[in-house]
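What follows is one structure encoded as structure tokens, with my remarks underneath.
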Amino acid sequence: MPMPLEIAHASEVYETTLLALKDDLDLTTRNQTYTVLEAVLVVFRRRLSAAEILRFAGLLPPVARAIFVAGWDEHEGQEVFGCREDWTREVKGLRQHHNFAPDDAIRVVVATLRRHMDEAALDQLLGQLPDGAVDYWSATFVS
């Protein structure tokens with residue numbers, strides 16, 4: 001059976017995404033960039049139900065999908081969405097001594113990931129998720 005195209009090119013898409021994020025976030029290392037990417041995805045995941053997490057994961061590029069669900073405990077409680085300031089503080093708090101997330105990290109990560117996603121499917125799903133999901137995934141939000 002042939003390998004699905006998205007899996008065949010997963011490493012290539014991840015490398016392209018990580019390099020773009022590194023530049024867009026003005027970071028110097030892959031590790032710094034990975035931490036910001038992971039934080040943005042985990043902070044969003046914490047606000048979804050188990051079913052919503054699985055539906056959303058299916059829209060992400062394969063390596064981002066793996067990062068999104070890595071370490072997930074399906075029994076952890078679902079947090080309320082709150083506001084962008086809450087999300088930013090939480091993103092910066094993940095491994096805070098090794099986290100170099102700028103204030104606009106969510107916007108930058110979202111904008112970069114959207115380039116590798118089916119935006120119509122993403123926007124449709126976001127409209128079905130809890131209030132705050134659309135704002136979180138708004139690539140044009142100005143801090």
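The values are calculated or read from the model by the stated rules, or taken from the named source; none is laboratory data. Predicted, not measured: the structure shown is a model, and the values here were computed from it. Ideal geometry is used to build each Cβ from the backbone, glycine not excepted, and the neighbour counts take in all protein chains shown. Heavy atoms of the whole protein, side chains included, go into the accessibility calculation; ligands, DNA and RNA do not. Shrake-Rupley method; radii C 1.70, N 1.55, O 1.52, S 1.80 Å.
Structure notes:
- Just so you know, the averaged projected area of the alpha carbon convex hull for the range 39-105 sits at 4.8 nm².
- Working from Cα pairs under 8 Å separated by at least six residues, relative contact order for the chain is 30 percent.
- Here the accessible area is traced with a 1.4 Å probe on the protein chains. For the chain, carbon and sulfur cover 55 percent of it.
- Environment charge of residue 125, counting only residues whose C-beta is closer than 13 Å and scoring Lys/Arg +1, Asp/Glu -1: -2
- Largest mean-square fluctuation among 88, 28, 16, in a Gaussian network model of the chain whose springs join Cα atoms under 10 Å apart, belongs to 28.
- Projected-area average for the chain over all orientations - Cα convex hull basis, square nanometres: 8.8 nm²
- Accessible area in square angstrom per residue, the chain, 1.4 angstrom probe: 54 Å²
- Shown in residue order for the range 46-61 are the 3J(HN,Hα) couplings computed by the Karplus curve 6.51 cos²θ - 1.76 cosθ + 1.60 at θ = phi - 60°: 4, 9, 10, 6, 4, 5, 5, 4, 5, 5, 5, 4, x, 8, 7, x Hz (x for Gly and Pro).
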